[in-house]
Structure formats: structure tokens, C-alpha cells
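Working notes, beginning with the structure itself.
Values in this text are rule-based calculations from the coordinates and carry no lab data. Note that the structure is predicted; figures quoted are calculated from it, not measured. Virtual Cβ from ideal backbone geometry, glycine too; neighbours counted across all protein chains shown.
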DNA sequence: GTCTATATACAGATAGAC
DNA sequence: GTCTATCTGTATATAGAC
């Protein structure tokens, strides 16, 4: 089985090879078929180890799920939608770049499958849901807010409530694509995504652009 | 297949009392604990019938789920966010009313639980997902679009793409509340909802209000 | 149609040899 | 640490009496 998992969470040395194989198999099976449907036998088979070995590393099926989600959240953490670089902001290109990165991120197969896995089991594993929320959506909101604050400081935008505006921007460019995906009704076309991004930026700027510096 | 289910919603006459008890129990248990976790034994117990009786009405656990979702979708169908009444539209109050109805609908426990149930099992039951999508989200979008078209006809709004604008409006007033709920991180406060609605309307109107009739 | 009792399969988890 | 073999509970679904 392919195992390109290079992250810092799990010890990458050869010693823990089987452990990483197990996590890889769990990721594949849990995220595609679901937690309850996936048996420990199936994971052991997919990972190429025995079931007993599996229980050496993880005390229970629940523990394996938690470890997996923690690991995945850590691996998606470092990404950044925007970082200050001291130079003047070009508003529209910057917003478009943020929107593109964001939709790419949340339409990415791995992130999306993780989302669904967490969501489907949030009731039974509330801690997992919080970890995911902090590493994923909340982080995105904060990065957008950071950008908006910088744009306000440069007098490009006028925003009474930065947090609200960040949520509005992300909601606009996301539209209802998440629904389509959550319900597994096929991936939206590139055209759909582009139309949503362009339209979203237009609406957002109509509301928040500083009229005094409009060229 | 002992049942030719001819119904629109389940026949409420006394004859099918136990059948409705079963559907009620299935709704309660499936939507709160999940499909896989809920056993047919538990449903039979909750419904106050034997498991064998249950299998007289539904060929399998899967069939019970499908029947339940169909039934729920039919029961949420008739609602309306807006209907034309021939009189001139008062823009802001009308948008606010639509937004309130919409958030009330999608924050409603029953609708929300149904959403999660469908979503969690969409991969295995694609037909179910389509039925839900048509009866729920898609229907809402269409009703908003109908309203927007009427407002455009009365020259209150200027909208190049009605479908896109409808999605944008719903996205704005929904914000990321669905995330919070999907991940079971608690119901949003009334204040949060109100802020989102007011802010969303403001942004929407800034982008689409017809400037020529602004009072 | 409805029940009790049961067939059959497979789940999560463990024992014990190496 | 890793394996094979197994324990134990519970799941879906059915048989057969009434």
C-alpha cells in the first residue's frame, strides 16, 4: 500500500513502519467507507499486519480513530492562506488568491474526507470535532481576518466587524459547494468554482471597499 | 417485499399504526445515534413491536432507512420561504423574513438531524442524498430565486445572475453556523444568528440594490 | 400480522507461542 | 512485537407457532 506520510506527528524512523502502515490503512478505510462499517480485521488486512499487532499500538478502535484524526489535523495545520509581507496589498488579486487556496483546500479529497469522517462521528467523539474545527475552519477564518485587518490598515477596506466580514467572505466564495460534496453528488466544475469566487469578491467589495480611494 | 408502499407520507389510519411506530422509532434512533450504531433490536424495542414484525414492513435495515428519509423529505416539502402575493415588496423586511425562516428551518432539530443522517450515509445510498438535496437545499434556493426575480421586476434590485445571487444570499445569512452544528459544537446563540442575518442583508443589498430608487 | 426463539455471521478484543 | 487461533458478544435476518 502507498504510504507517503512524512509528517512529524508519528515517528518516521523505520522502527514504526508498521504503525504508520496501520494509520495509512485506517485513513483510507475510515474516510472512504466510514468508521462503523470498517472492521479492525479489514484495517489489519489493508495494513498487512495481524489484528493483534494492531492492538499493540492502539488500545481500541476508538483510540485508533482519535489518533488518526489528530495526526491528520496536525498535517493540515501548517498551510497558510495569507501571510503579511510588508508590501502594499493589491486587493482583488489577494482576495482571489485566498479564495482559490481556500476552495482548493476544502475541495481537496483528503481534507474533505477527513471533514466527513469527523462530522459523521462528532456526536460520539466531541474532542475530535473540536480539534478538527480548530485546525481547519477556525484557522482559515483567522487568517482571512488577519488579511482584512491589514487591508483596513492600508485604508483599502472599511469593515466594522472583522470577524463577521471574514466569515462572510468565506461563505460567499464557498457558496453551497460543500453541500454538493458532503452529499456526494459529484465534484463541482471548475467553472462553477470560478463563478462563485468572482461573484463573491464582487459582492464583498461592493459592501466593504473604501469608497474614498476608489480609483 | 411484502409491501407495495403506495403512500404519500405514511397512511395515518389505524391500520398502519405499528408501521408508523416503527418509522418514528427509526427516526429517533437513526438520527440521534446514527444508522450503523442503531440495531434493529433497538428499533423494535423503541417501537414496542417485535423484530419480526419490523421485517414484515421493511425488507431490510437499508430499506427502512430509505423509507424513513423519503417520508421525512415529503414532510418538509410543503414549507415555503416566500410566495408572491401581488403587492409591492418591502425589500429589507422581506429579506429578513426569508432569512429568519431559513435559519429556523436549517437549525431546526428535525431537519438538521435528517441532514446529518443523509450526509453520513450518502456514499452508500446516493439516491437518498439526491432526494434530500431536492427537497431541502435546492428547494430553498429556488424559492429565494423566485423572490429575487420578483424584486428585480419591481426594480428594487439589479441582479445579473439570479441563481448565483440566491446562493450568495443563503450563504451569507447561513455563514458557518452549519459547521458549528454539524460538528456538534453547540447551537449558535440568537445573537449570533441575528448578527449574521443583519450583516448578510447589508452586504447583499450593498451589492445588488438598485441605486436609482434608493430613497 | 404478530409474536418467541433461533440460525448464521462477524464484530472487537485477547491468549499464548515465537 | 508479531503472529495464529480463539473467546465472547451482538448484529441481521428468519422459522414456525398462534
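Other chains near B:172-184: what is the mean number of their Cβ atoms within 10 Å of each residue's Cβ?
Mean partner-chain Cβ count within 10 Å for B:172-184: 6.
Run through the other copies and list how far each one's label point is from that of residue A:158, in nm with one decimal, shortest first; the point sits 7 Å from Cα along Cα-Cβ.
From this label point to the equivalent ones elsewhere in the assembly: 2.0 nm.
What are the radius of gyration and Dmax of segment A:111-211, computed over its Cα atoms and given in Å?
For segment A:111-211, the Cα-based Rg and Dmax read 15.8, 49 Å.
Which semi-axis lengths, in whole Å and largest first, follow from the square roots of five times the eigenvalues of the Cα gyration tensor of segment A:14-75?
15, 14, 11
Using a 7 Å offset from Cα along the direction of the beta-carbon, what are the separations from residue B:75 to the same position in each other copy, nm, ascending?
Spacings between copies for this position, smallest first, are 4.2 nm.
Against the empirical 2.2 N^0.38 Å scaling, what ratio does the C-alpha Rg of segment A:15-136 come to?
So the Cα radius of gyration is 1.28 times the expected 2.2 N^0.38 Å.
Using a Förster distance of 41 Å, how high is the FRET efficiency between residue A:206 and residue B:127, based on the Cβ-Cβ distance and rounded to 0.05?
0.50
When you have a sec, figure out the Kirkwood radius of segment A:81-147 from all distinct Cα pair distances and drop it here in Å to one decimal?
So the Kirkwood estimate lands at 13.3 Å.
Report the equivalent ellipsoid semi-axes for the protein assembly as shown in whole Å, largest first, defined as the square roots of five times the eigenvalues of the gyration tensor built from alpha carbon atoms. Walk me through the numbers on the way to the answer.
Values: eigenvalues 313, 221, 46 Å².
Value: 40, 33, 15 Å, ordered largest first.
Mean residue ellipticity at 222 nm from the helices of chain B, using -39,500 (n - 2.57) per DSSP H segment of n ≥ 4 over the full residue count, to the nearest 500 deg cm²/dmol?
That calculation yields -20000 deg cm²/dmol at 222 nm.
Run the label-point distances for residue A:45 please: 7 Å along Cα to Cβ, every other copy, nanometres, shortest first.
Relative to the other copies, residue A:45 has label-point distances of 3.1 nm.
What does a probe at residue A:213 reach in segment A:141-165, counting residues whose amide N is under 20 Å from the point 7 Å along Cα→Cβ?
Once the point is set 7 Å along Cα→Cβ of residue A:213, A:144-163, A:165 turn out to lie under 20 Å by backbone N, inside segment A:141-165.
Once the Cα gyration tensor of chain A is diagonalised, what are the square roots of 5 times its eigenvalues, in whole Å and ordered largest first, as equivalent ellipsoid semi-axes?
Over the Cα atoms of chain A, the semi-axes work out to 40, 18, 14 Å.
Let me confirm one metric for peptide A:36-46, namely the mean number of other chain beta-carbon atoms within 10 Å of its residues' beta-carbons.
1
Between segment B:42-63 and segment B:143-176, how many Å separate their Cα centres?
45 Å
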